[in-house]
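Colleague: Below is the structure I would like to discuss, written out as structure tokens.
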Amino acid sequence: MARRKYVVGNWKMNGLTASLDEAKAIFAAAAEHPAVDVALCPPFTLIGAMAAAAQGAAVGGQDCHSAASGAFTGSVAASMLVDAGAGLVIVGHSERRDGFGETDADVKAKAEAALAAGLSVILCVGEPHAVRESGAAIDHVLAQVRESLPDDFDRSRLAIAYEPIWAIGTGLVPTVEDVAAMHGSIRAALSERIGAGAAELRILYGGSVTGDNAAQLLDAGDVDGALVGGASLTAAKFVPIVAAAAALAG
Ligand code: PEP
């Protein structure tokens, strides 16, 4: 079964009501490329309004709590994302792992909570620069995959995003060969874990993806899409990435 290309924008802590016009322009352009699955993950505050404008694209959260409800001031439960109109959530982004001390066990619990609430999940993994330099990037990332992956999951609702930390927001990008090697290693590890069904899971690349490098990165072996930060904030920068994915989808 061919894997559909998947292009996801992570708006991080950016976006006010006025930014919905950009989202609408992105959704309108994405609708021209039905062979590509497109999603935007805005701040929590914009999910409801963005979902109402989504035109068939998906809208998601950037994080959720692992508990269903309770005394967790400032946190958002997976069911609340669903209630607001989200269809997916990003878990384990390196800005959560590093900035908020989230462990692989935390990420696994969040992914399980999100799946139980009916969301799709994008589970992020990636190595710091020193680990890449030491030659241990693949070992590091595969350990994250092993430890953060839920015990049981619906393959159609889980994607992995490989995001080398040193490539996020820096303009630095690994070589296409390194990206392909990492994605191939992740797929092999998934095969060991879940068998032939691993061929159905989508593995996205994230880290300084732009309209200029998207075609090359998205064409690399086992790269099924992109998780995009900075270049997802405007239609002018994001739509060329979606178009590059569509061109590869044929
Ligand atoms: C991200 O935040 O997931 C990301 C990949 O950011 P950027 O595209 O800006 O590097």
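Colleague: Of the chymotrypsin sites (Phe, Trp or Tyr not before Pro) in segment 1-109, which ones lie in a loop per DSSP and count no more than 11 other C-beta atoms within 10 Å?
Modeller: Sparse-neighbourhood loop chymotrypsin sites (Phe, Trp or Tyr not before Pro): Phe72, Phe100.
Colleague: Any aspartates and glutamates with Cα under 18 Å of the Lys12 Cα? List them, leaving off those in the same chain fewer than 8 positions away.
Modeller: Straight-distance partners of Lys12: Asp21, Glu22, Asp63, Glu95, Asp98, Glu102, Glu163.
Colleague: Computing the accessible area with a 1.4 Å probe over protein heavy atoms, can you report the carbon and sulfur percentage for the chain?
Modeller: Roughly 54 percent of what the probe reaches on the chain is carbon or sulfur.
Colleague: Leaving out ligands and nucleic acids, and using a 1.4 Å probe, what accessible area per residue does segment 130-205 come to in Å²? Please list the in-between numbers first.
Modeller: Numbers: 3350 Å² over 76 residues.
Dividing the accessible area of segment 130-205 by its residue count gives 44 Å².
Colleague: Determine the gain in length on full extension of the stretch Gln55-Ala236; use 0.36 nm per residue of separation and subtract their C-alpha separation, reporting nm with one decimal.
Modeller: Contour length minus Cα-Cα distance gives 63.3 nm.
Colleague: Quick one: grab Rg to one decimal and Dmax as a whole number for segment 5-236, Cα atoms only, in Å.
Modeller: Radius of gyration, then largest Cα-Cα span, for segment 5-236: 16.5, 46 Å.
Colleague: Fully extended, how many nm does the chain gain between Ala68 and Ser156 (0.36 nm per residue separation, minus their Cα-Cα distance)?
Modeller: Length difference between fully extended and current span is 29.4 nm.
Colleague: Around Lys5, which amide H atoms from residues at least 5 apart in sequence, or from another chain, sit under 5 Å from its own amide H, with H modelled in the peptide plane?
Modeller: Asp37
Colleague: Testing the spin-label approximation: label points 7 Å from Cα along Cα→Cβ at Ala2 and Ala18. State their distance in nm.
Modeller: 4.2 nm
Colleague: While we're here: Of the GluC sites (Glu not before Pro) in segment 86-115, which ones lie in a loop per DSSP and count no more than 11 other C-beta atoms within 10 Å?
Modeller: Filter output for segment 86-115: empty list.
Colleague: Hey, another quick one. Which length gain, in nm to one decimal place, applies between Glu32 and Glu133 when the Cα-Cα distance is subtracted from 0.36 nm times their residue separation?
Modeller: 32.3 nm
Colleague: For the residue pair Ala196 and Phe100, what label-to-label distance in nm results when each label sits 7 Å from Cα along the Cα-to-beta-carbon direction?
Modeller: Label at Ala196, label at Phe100, 3.9 nm between them.
The values are calculated or read from the model by the stated rules, or taken from the named source; none is laboratory data. Just so it is clear, the model here is predicted, and its values are computed rather than measured. Note: ideal-geometry Cβ built from the backbone for every residue, glycine included; neighbour counts use all protein chains shown. Just the protein is used for accessible areas: all its heavy atoms, side chains included, with ligands, DNA and RNA removed. Shrake-Rupley method; radii C 1.70, N 1.55, O 1.52, S 1.80 Å.
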